[in-house]
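Values quoted throughout were computed directly from the atomic coordinates according to the rules given, and no laboratory measurement underlies them. The model shown is predicted, which means the values in this text are computed figures rather than measured ones. Here the Cβ positions follow ideal geometry from the backbone for every residue, glycine too, while neighbour counts run over all protein chains shown.
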Amino acid sequence: MKGGRFSGFSIKTGLVFSKIPLSPNHWTILSLITAIVGAYYLSLGFFLFAAV
């Protein structure tokens with residue numbers, strides 16, 4: 001069982017994201033911004049906004 005339960009999902013997600021012309025550094029910055037915004041809302045107690 002190579003890849004596990006989510007291998008098909010990972011492949012499809014990878015194909016979709018590969019069509020978006022962003023470099024790996026751009027993806028990292030985007031994820032850091034998302035994490036910081038989520039942590040900010042979590043610290044304020046807005047759990048629903050932090051989850052989105």
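Overview of results
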read-out: Correct option for Cα extents along the principal axes in Å [calculated from the coordinates] among (i) 41, 28, 14; (ii) 59, 27, 10; (iii) 41, 22, 18; value: (i)
read-out: Rounded to 10°, Cα long-axis angle of helix 7-18 versus longest principal axis of the chain; value: 80 degrees
read-out: Chymotrypsin sites (Phe, Trp or Tyr not before Pro) restricted to DSSP loop in the chain with at most 15 other C-beta within 10 Å; value: F6, F46
read-out: Trypsin sites (Lys or Arg not before Pro) lying in DSSP loop within the range 4-33, provided at most 12 other Cβ fall within 10 Å; value: R5, K19
read-out: Net lengthening on full extension, I11/S43 (0.36 nm per residue, minus Cα-Cα); value: 8.1 nm
